[in-house]
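J.: This is the structure I have questions about; it appears just below.
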Amino acid sequence: MSLVKDTALETISKEIEAIESLKLLINEDFERAVEVIHSSSGKVILTGVGKSGHVARKIASTMASVGTPAVFLHPNEALHGDLGIITRNDIVLALSNSGESIEIISMIPYIKMVGSLLISITNKKNSTLAKQSDIALILNIDKEACPLNLAPTSSTTAMLVLGDALSMSLLKLSGFKEEDFALLHPAGFLGKKLKQVKDVGHFGDELPVVKKDAKIYEAIIEITQKGFGATAVVDEDGFLVGILTDGDIRRILENKIDINTTSVYEVCTKNPKTISKSDILAKALSLMETYKITVLIVQEDKKPIGIIHLHDILRYGIN
């Protein structure tokens, strides 16, 4: 095996070991950190310098994207006027491998003065940062993946993974849902997939619907006028009992069924696939692909309230 492959595989192995060691860190201190962040009425302020700063910035971004208000504050900027962003209700999450970064240590008196809670992620249990923290999460990474044991590698990977663990724990604790994610990610492909059916479906007078005792020819007229290739079929109380599609009509004509005397209910598809207006578009698309259909009836309280077509989803840029 080449030197390059040996080095790459050894690096990956060491970083995996570092991540595995984090399981021991999921303890009472970790749970307390999650609880205090969750119960806080303020925001989480991430800070760190160098490689730890880059990791802190990413953790702040992840937290914010899953519903925990978080921002990154660079220590140098903080020490030159931006400390005012920290308020009593906020929680400061400081990252420092050594726990002795002078810029971070210099921020501590102000953090204590305003009464913010200080949580730290560091690799040194007896460091100044760990001792001054209200909650200290100690990594205990013995050796970096760097062959020289100099470049931050295993330690920064561990910080990043621990930050993800905090973020996902907060997500679960807060009951953050797909629709919340969509609200925070309105742009791009993810945002589109997480848009809800109500954003692109057709409701009210646009919904094609006929009574179960209507004749087939009446349903054909409704399908033609509304243009979705299908119509909902309801009983006398307005409850959904079936769907009649273009495909059903082709089969009706092939079998020479009288469209003027036969009721819709006799030939419609019973128990059609439905979806809720609050479901995301990705779910609607998945149902269509699974059952090889092009329309879904939007249902609420067992009554049809709308319809969504495959073309609606494709026009929205999802495929």
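The values are calculated or read from the model by the stated rules, or taken from the named source; none is laboratory data. Computed from a predicted model, the values in this text were never measured in an experiment. When we count neighbours, we look across all protein chains shown, and the Cβ atoms used for this are built from the backbone with ideal geometry, even at glycine.
J.: Considering only the range 70-85, state which residues are assigned to a loop (DSSP other than H, G, I, E, B) and either surrounded by 22 or more Cβ atoms within 10 Å (Cβ to Cβ) or modelled with pLDDT of 95 or more (or both).
T.: LEU73, HIS74, listed by residue number.
J.: Name the residue, out of LYS125, LYS131, that is over 19 Å from GLU10 (Cα atoms) and part of a loop (DSSP other than H, G, I, E, B).
T.: Selected residue: LYS125, the only one of LYS125, LYS131 that is over 19 Å from GLU10 (Cα atoms) and part of a loop (DSSP other than H, G, I, E, B).
J.: Counting only residues that are in a helix (DSSP H, G or I) and touching a helix residue (DSSP H, G or I) at 6+ places or on another chain (Cβ under 8 Å), how many does the range 86-111 have?
T.: 7
J.: Right, next: Please verify whether the range 112-121 includes one or more residues that are more than 19 Å from MET168 (Cα to Cα), in the same structural domain as MET159 (by TED's automatic domain parsing), in contact with a helix residue (DSSP H, G or I) (Cβ under 7 Å, 6 or more places away or on another chain) and modelled with pLDDT of 95 or more.
T.: yes
J.: Which residue out of ASP237, ASP312, ASP213 is among the charged types (D, E, K, R) and in contact (Cβ under 8 Å) with a residue 60 or more places away in the chain?
T.: ASP312
J.: Out of THR269, THR261, which single residue is β-branched (Val, Ile, Thr), touching a residue at least 40 places away in the same chain (Cβ under 8 Å) and either surrounded by 12 or more Cβ atoms within 10 Å (Cβ to Cβ) or over 19 Å from PRO208 (Cβ atoms) (or both)?
T.: Only one candidate passes the filter, namely THR261.
J.: Residue under question is SER127, and the condition is that it be closer than 18 Å to VAL36 by Cβ, modelled with pLDDT of 90 or more and buried (at least 20 other Cβ atoms within 10 Å of the Cβ); does it hold?
T.: no
J.: Output yes when any residue across the range 152-171 is more than 28 Å from the chain's Cα centre (by Cα) and assigned by TED's automatic domain parsing to the domain that holds GLY53, and no when none is.
T.: yes
J.: In the range 1-66, which helices (runs of 4 or more DSSP H) lie fully inside it and hold 3 or more residues that are in contact with a strand residue (DSSP E or B) (Cβ under 9 Å, 6 or more places away or on another chain)?
T.: Filter on the range 1-66 gives 28-39, 50-65.
J.: Separate question: Within the range 75-89, does at least one residue satisfy the condition of being farther than 30 Å from LEU150 by Cα, without any contact (Cβ under 8 Å) to a residue 40 or more places away in the chain and acidic (Asp, Glu)?
T.: yes
J.: Just checking, how many residues over the range 228-286 are within 22 Å of LEU310 (Cα to Cα) and of a type in the set (S, T, N, Q)?
T.: 8
Conditions (1) at pLDDT 95 or above; (2) assigned to a loop (DSSP other than H, G, I, E, B); (3) in the same structural domain as GLN299 (by TED's automatic domain parsing), marked per residue:
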| site | (1), (2), (3) |
| --- | --- |
| LEU183 | no, no, no |
| PHE189 | no, no, no |
| LYS192 | no, no, no |
| VAL210 | yes, no, yes |
| ALA219 | yes, no, yes |
| GLU222 | yes, no, yes |
| ALA232 | yes, no, yes |
| GLY238 | yes, yes, yes |
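J.: Another question about this same structure. Residues being more than 20 Å from GLU35 (Cα to Cα) and part of a loop (DSSP other than H, G, I, E, B): count how many of those fall in the range 134-155.
T.: 14
J.: So for the range 122-133 (the condition being touching a residue at least 60 places away in the same chain (Cβ under 8 Å), within 24 Å of MET63 (Cα to Cα) and out of contact with any Asp or Glu (no Cβ under 6 Å at 6 or more places or on another chain)), does at least one residue qualify?
T.: No; the residues of the range 122-133 include none that is touching a residue at least 60 places away in the same chain (Cβ under 8 Å), within 24 Å of MET63 (Cα to Cα) and out of contact with any Asp or Glu (no Cβ under 6 Å at 6 or more places or on another chain).
J.: Still on this structure, please answer the following. How many residues, within the range 149-180, are buried (at least 22 other Cβ atoms within 10 Å of the Cβ), more than 15 Å from GLY48 (Cβ to Cβ) and among the hydroxyl-bearing types (Ser, Thr, Tyr)?
T.: Looking only at that region, the number is 2.
J.: So HIS38 passes all but one of these: (1) surrounded by 15 or more Cβ atoms within 10 Å (Cβ to Cβ); (2) at pLDDT 95 or above. Which condition number does it fail?
T.: Going through the list (1) surrounded by 15 or more Cβ atoms within 10 Å (Cβ to Cβ); (2) at pLDDT 95 or above, HIS38 breaks only (1).
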